Amino acid sequence: MTPCPRFFQRLAMLALVVMAASAMFGLTGCSVLSGGDHYPTRYTLDAGSSEPTSASTPSTGYTLDLRPVSAPDWLNSKRMLYRLDYANNAKLAAYTRSAWADTPARLVGDNLRDALSASGLFPAVLANASGQADLALQLELTDFSQHFSSRTASQGRISATATLLRADNGAVIAQKRFQTTAPASNANAVGGVAALAKADTQLDRDIRQWLAHTLAHCGKTCPPPGQH
């Protein structure tokens with residue numbers, strides 16, 4: 001008895017289905033097994049990068065409210081960004097296998113809080129202390145990235161604007177724009193992390209010195225210390 005042609009058609013279709021399923025399983029398995037290679041390595045800024053000030057630093061007597069650091073949308077992520085200034089400094093790029101453990105704004109804010117707490121300038125540095133502090137400090141981050149001047153040379157660059165306010169009425173006492181840089185020893189993500197950590201240490205130092213000078217000369221612009 002001659003087999004029905006439909007039998008061979010169904011057999012061929014079944015073979016195609018099995019082959020397609022096998023191929024899909026193979027791709028899925030490959031994707032799952034190799035997926036771990038694409039998980040980014042996460043970095044923080046060196047927690048010990050904020051250097052303490054001498055214990056002889058006189059206290060201003062002011063309690064400081066350090067408000068959350070703000071940043072534009074393009075900086076409000078954990079991506080590790082870099083710019084090829086020698087090609088197009090307006091173009092942002094991000095490392096695919098390296099990322100920050102938190103957003104740059106939070107990393108910078110945490111280090112600044114530690115630096116100011118250790119500075120001796122303030123009896124207390126608080127966070128979101130509405131109505132419980134004499135002064136408030138706002139920091140707006142405008143750049144936090146690795147800049148390449150060539151294929152082998154780069155630097156970490158941080159730009160930010162600091163605003164010191166009276167906490168009681170929100171009046172601006174002083175404002176200053178800061179930019180700090182540090183060369184990277186390696187033209188890669190690891191070099192960028194180390195360079196940005198050094199630039200952040202310098203930023204903390206510059207802000208601390210600016211606050212000390214400003215509060216020593218603000219006169220009646222500042223409220224009487226120790227109100228809270």
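The numbered conditions (1) more than 22 Å from the chain's Cα centre (by Cα); (2) under 17 Å from residue 209 (Cα atoms); (3) among the β-branched types (Val, Ile, Thr) are all true for residue 152 except (2). For the residues 81, 66, the requirement of being closer than 30 Å to residue 187 by Cα, modelled with pLDDT of 95 or more and touching a strand residue (DSSP E or B) at 6+ places or on another chain (Cβ under 8 Å) singles out 81. Within segment 154-167, residues that are within 18 Å of residue 183 (Cα to Cα) reach partners that are basic (Lys, Arg) and surrounded by fewer than 18 Cβ atoms within 10 Å (Cβ to Cβ) with beta carbons closer than 9 Å, at six or more positions or on different chains, in the pairs 159/177. Scanning segment 194-214 finds no residues that are without any contact (Cβ under 8 Å) to a residue 40 or more places away in the chain, out of contact with any strand residue (DSSP E or B) (no Cβ under 7 Å at 6 or more places or on another chain) and hydroxyl-bearing (Ser, Thr, Tyr). Filtered by the rule that a residue be of a type in the set (A, V, I, L, M), outside any loop (DSSP other than H, G, I, E, B) and either within 20 Å of residue 39 (Cβ to Cβ) or out of contact with any helix residue (DSSP H, G or I) (no Cβ under 7 Å at 6 or more places or on another chain) (or both), segment 71-96 gives 80, 81, 84, 87, 93, 94.
Assessment of segment 37-49 against the conditions (assigned to a helix (DSSP H, G or I), modelled with pLDDT under 95 and either exposed (fewer than 10 other Cβ atoms within 10 Å of the Cβ) or over 16 Å from the mean Cα position of the chain (by Cα) (or both)) yields at least one matching residue. Those strands (runs of 3 or more DSSP E) of segment 123-228 in which at least 2 residues are acidic (Asp, Glu) and modelled with pLDDT of 95 or more, considering only elements entirely within it, cover 135-148. Might you check whether a residue that is under 21 Å from residue 74 (Cβ atoms), buried (at least 20 other Cβ atoms within 10 Å of the Cβ) and among the charged types (D, E, K, R) occurs anywhere in segment 195-206? Yes - at least one qualifying residue is present in segment 195-206. A search for C-beta distances below 8 Å between a residue of segment 123-147 that is under 13 Å from residue 207 (Cβ atoms) and of a type in the set (Asp, Glu) and any residue that is at pLDDT 95 or above and part of a loop (DSSP other than H, G, I, E, B), counting only pairs 6+ apart in sequence or on different chains, returns 140/69; 140/71. Being farther than 16 Å from residue 44 by Cα and under 12 Å from the mean Cα position of the chain (by Cα) is a description that applies to residue 143. Checking each residue in segment 172-187 for being touching a residue at least 12 places away in the same chain (Cβ under 8 Å) and either over 17 Å from residue 108 (Cβ atoms) or among the small types (Gly, Ala, Ser) (or both) picks out 173, 174, 175, 182, 183, 184, 187.
The values are calculated or read from the model by the stated rules, or taken from the named source; none is laboratory data. The structure presented is a predicted model; accordingly, all values stated were derived computationally and were not measured. Here Cβ is always computed from backbone atoms with ideal geometry, including for glycine, and neighbour counts include all displayed protein chains.
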